[in-house]
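*Asks:* Here it is, the structure in full.
Computed from the coordinates by the stated procedures, all read-outs in this text should not be read as laboratory data. As the structure is a computational prediction, the values presented were derived from the model and not from experiment. Every residue, glycine as well, gets a Cβ built from its backbone with ideal geometry; the counts of neighbours run over all protein chains shown.
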Amino acid sequence: MDLESFVLEVSRLREEAENAFRDVRDAASLEEARVTFAGAKSGKLKSIQKLLGGVSPSDRPEAGRAFNEVKQAITALLEDAHDRLAEATASPAAAPLDVTLPGRPVRLGRLHPITRTIREVQGIMARLGFECVDGPEVEDQWHNFEALAIPPEHPARDPLDNFYLNVAQGQDPLLLRSQTSTVQIRVMEARKPPLRIVSLGRVYRPDTADATHYPMFHQVEGLLVEKGTTMAHLKSVLRLFASSFLGGDVHVRFRPSFFPFTEPSVEVDMEWGGRWVEMGGAGMVDPAVLAAVGYDPDQVSGFAFGLGVERIAARRYGVADIRDFYRNDVRFLEQFG
Ligand code: PHE
């Protein structure tokens, strides 16, 4: 092969390689181009190198130089294409920062309105001397019913009205607590009077969700046991609480009611915006309950109340449907300060 034809072959190869590497867009096409041109066995560079042997010895130094040039060129093309790909797939953080873009406000998170309500209630009750305590959400029959004087035949224990758990046969039934009154018992079992506690947490009932019901909701449970406690103390505490939480002088109304663990028992209404709204139940702790936890009903008396957190939050914030608290719609949640 003469020198001229060899040099022509070399320059054709160079042009072909330049085009091929320019079109490389991803790792697969880069590898394909590498094998085609620089492949060790049958790459085009290798084929041209073989032609060198056919060039006359006098022309060989010149042909060799041409070959080396194209070999270096292809190596450089390969490296360039590789670098280009690496840059394109680098993390966005590595992208150049455009300081001319307008600034955007940082979106700040905030506490859920129910969490805010819980913390606020805890704060108000703490100022009235009530210590904040917690209780388990999975309860036994004793704490959810029996110690609260709710006997086995009571409709509140019906499996259709509670979330009972699957337990091994022969084991005591367990359920998701249906009220926070369970915590009254747990605290009285563990401590001696005087005591003032408040407990806020989730409770569960298989209710169909509507504007005022949800299968999971929150209650505030308050309990005070001291010598000489009366209904007047109960009403004062609830009124102070309602006035602090809702603002202004909120009136509280008691309506006669029944709970197995309080005697007398009342429904608690609060006046707000010219309307009476039911907020929960309350009463004087039944002497039988005091006796069941080992207190002497002749020595101490107490009151207890249970309010719906969603209800008082809905009143306070003007929310018409409590399901909105759980829809996780940021447009709704963002409205709470
Ligand atoms: N636990 C009752 C309920 O869920 C409310 C209540 C609490 C009533 C404390 C009296 C005393 O309906």
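*Asks:* Roughly how far apart, in whole Å, are the Cα centres of the range 64-133 and the range 190-204?
*Replies:* 45 Å
*Asks:* What's the center-to-center distance, using Cα atoms, between the range 313-337 and the range 1-60 in Å?
*Replies:* Between the Cα centres of the range 313-337 and the range 1-60 lies a distance of 71 Å.
*Asks:* Please compute the modelled spin-label separation between ARG253 and ARG22, points set 7 Å along Cα→Cβ, answer in nm with one decimal.
*Replies:* Each label point is offset 7 Å from its Cα along the Cβ direction, giving 8.7 nm.
*Asks:* Related question: Under 19 Å Cα-Cα from LYS41, which lysines qualify once same-chain neighbours fewer than 8 residues away are excluded?
*Replies:* LYS50, LYS71
*Asks:* Enumerate by residue number the trypsin sites (Lys or Arg not before Pro) in the range 82-190 meeting two conditions: DSSP loop (anything except H, G, I, E, B), and at most 14 other Cβ atoms within 10 Å of the site's Cβ.
*Replies:* ARG107, ARG110
*Asks:* Which net charge results for the neighbourhood of SER236, defined as the other residues with beta-carbon distances under 15 angstrom from its beta-carbon, given Lys and Arg at +1 and Asp and Glu at -1?
*Replies:* Cβ neighbours under 15 Å give a net charge of +3.
*Asks:* So how many Å³ per residue does the convex hull of the Cα atoms of the range 226-310 work out to?
*Replies:* Looking at the range 226-310, the number lands at 96 Å³ per residue.
*Asks:* Once you list every other residue whose beta carbon is under 15 Å from the beta carbon of ALA313, what net charge do they have if Lys and Arg are +1 and Asp and Glu are -1? Show your work: numbers first, answer last.
*Replies:* Details: positive: ARG110, ARG116, ARG119, ARG202, ARG311, ARG315, ARG316, ARG323, ARG327; negative: GLU120, GLU278, GLU310, ASP321, ASP324.
Residues close to ALA313 contribute a combined charge of +4.
*Asks:* Please report the net charge: other residues with Cβ closer than 12 Å to the Cβ of HIS154, K and R +1, D and E -1.
*Replies:* Working: positive: ARG157; negative: GLU146, GLU153, ASP158, ASP161.
Value of the local net charge: -3.
*Asks:* Mind checking Rg over Rh on the chain, alpha carbons, Kirkwood formula for Rh?
*Replies:* Here the Rg-to-Rh quotient is 1.50.
*Asks:* Ok, one more. Take every Cα pair under 8 Å in the range 178-226 that's 6+ residues apart, average their separations, divide by the length, and report that relative contact order as a whole percent.
*Replies:* This gives 45 percent for the range 178-226.
*Asks:* Another question, then. What order do you get for GLU153, GLU310 when you list them from fewest to most C-beta neighbours inside 10 Å?
*Replies:* Neighbour counts put them in this order, fewest first: GLU153, GLU310.
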